[in-house]
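Okay, structure first, notes after.
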Amino acid sequence: MTKATKLTAMEKRAKIFAQDVYTYGSAHLAVIWKENRTWGLNPSVEGNGEKIGYASGCGYCKESAALADALQFLGKDDEEQRSIRESSGCGVETVRRALQSCGFELQARYCGKRENSYRVFKIA
């Protein structure tokens, strides 16, 4: 992101979440699936009790898009952040690999009917 780019409120919350992961070494996040009349179930990502990412539409992996949206700020520079953002919509495994290349692990903790739980942590 360039300095001229203004962050949305959700992006600011996602950036704070990323700082918490750096500070504490790990954090939990949840993907909550909500009903939408037009697009069916849409995921939103919650970290620290706040919405930090989301996806809508159809024709791609919405879960990976929401995770990439929420976790892009784990990248330490523009190039790493871009690699995480570019994994959006390509599957959760692609997001996981993008995070690994930046020094983070994404572990699935729980998969329910309308909620999935993950843990993200720094790789030692």
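Each row is one residue, and each column tells you yes or no for (1) modelled with pLDDT under 95; (2) in contact with a Leu (Cβ under 6 Å, 6 or more places away or on another chain); (3) assigned to a strand (DSSP E or B); (4) over 20 Å from R85 (Cα atoms).
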residue	(1), (2), (3), (4)
A27	no, no, yes, no
W33	no, yes, yes, yes
C58	yes, no, no, no
S64	no, no, no, no
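Inspect all residues belonging to region 66-87 and state whether any of them is hydroxyl-bearing (S, T, Y) and closer than 19 Å to W33 by Cα.
The first filter runs over region 66-87 and keeps only residues hydroxyl-bearing (S, T, Y), leaving 83, 87.
From the residues that got through so far, the ones that are closer than 19 Å to W33 by Cα too are none.
No - not one qualifying residue is present in region 66-87.
Can you work out which of the residues in region 76-115 that are of a type in the set (S, T, N, Q) and out of contact with any Asp or Glu (no Cβ under 7 Å at 6 or more places or on another chain) is surrounded by the most Cβ atoms within 10 Å (Cβ to Cβ)? Talk me through it step by step, then tell me what you get.
Here is the first cut: in region 76-115, the ones of a type in the set (S, T, N, Q) are 81, 83, 87-88, 94, 100-101, 107.
Going one step further and asking which of them are out of contact with any Asp or Glu (no Cβ under 7 Å at 6 or more places or on another chain), we end up with 81, 83, 87, 94, 100-101, 107.
Values: Q81: 18, S83: 17, S87: 25, T94: 18, Q100: 12, S101: 12, Q107: 12.
Looking at the filtered set, the residue picked out is S87.
Output the residues belonging to region 106-124 that are more than 18 Å from L71 (Cα to Cα) and of a type in the set (D, E, K, R).
Those that are more than 18 Å from L71 (Cα to Cα) and of a type in the set (D, E, K, R): K113, R114.
Which is assigned to a strand (DSSP E or B) and acidic (D, E), of E105, E79? So that I can check it myself, show each step before the final result.
Details: E79 fails: assigned to a strand (DSSP E or B).
Of the residues listed, the single one that is assigned to a strand (DSSP E or B) and acidic (D, E) is E105.
Answer yes or no as to whether E79 is out of contact with any Pro (no Cβ under 9 Å at 6 or more places or on another chain) and of a type in the set (D, E). I'd like the intermediate steps shown before the answer.
Working: out of contact with any Pro (no Cβ under 9 Å at 6 or more places or on another chain): yes; of a type in the set (D, E): yes.
It is true that E79 is out of contact with any Pro (no Cβ under 9 Å at 6 or more places or on another chain) and of a type in the set (D, E).
List every residue pair whose Cβ atoms sit under 6 Å apart, with the two residues 6 or more apart in sequence or on different chains, where the first one lies in region 74-91 and is modelled with pLDDT of 95 or more and the second, anywhere, is part of a loop (DSSP other than H, G, I, E, B) and surrounded by fewer than 16 Cβ atoms within 10 Å (Cβ to Cβ).
These pairs meet every condition: G89/Y60.
Could you check region 92-112 and list, in sequence order, the residues that are in contact (Cβ under 8 Å) with a residue 60 or more places away in the chain and among the charged types (D, E, K, R)? If you could, list the steps in order and put the result at the bottom.
If we filter region 92-112 for residues that are in contact (Cβ under 8 Å) with a residue 60 or more places away in the chain, which is where we start, we get 104, 109.
Hit for region 92-112 is R109, nothing else.
When the residues of region 27-73 are filtered to those that are over 12 Å from E115 (Cβ atoms) and among the charged types (D, E, K, R), which remaining residue is surrounded by the fewest Cβ atoms within 10 Å (Cβ to Cβ)?
The selected residue is R37.
Mind listing whichever residues of region 4-26 are of a type outside the set (A, V, I, L, M, F, W, C), surrounded by fewer than 17 Cβ atoms within 10 Å (Cβ to Cβ) and farther than 23 Å from A124 by Cβ?
To start, the set of residues in region 4-26 that are of a type outside the set (A, V, I, L, M, F, W, C) comprises 5-6, 8, 11-13, 15, 19-20, 22-26.
Imposing the further condition that a residue be surrounded by fewer than 17 Cβ atoms within 10 Å (Cβ to Cβ) reduces the set to 5-6, 8, 12, 15, 19-20, 22-26.
Of everything in region 4-26, those that are of a type outside the set (A, V, I, L, M, F, W, C), surrounded by fewer than 17 Cβ atoms within 10 Å (Cβ to Cβ) and farther than 23 Å from A124 by Cβ turn out to be T5, K6, T8, K12, K15.
The values are calculated or read from the model by the stated rules, or taken from the named source; none is laboratory data. Quick caveat: nothing in here was measured; it's all calculated off a predicted structure. Positions of Cβ are backbone-derived with ideal geometry, glycine not excepted, and every protein chain shown enters the neighbour counts.
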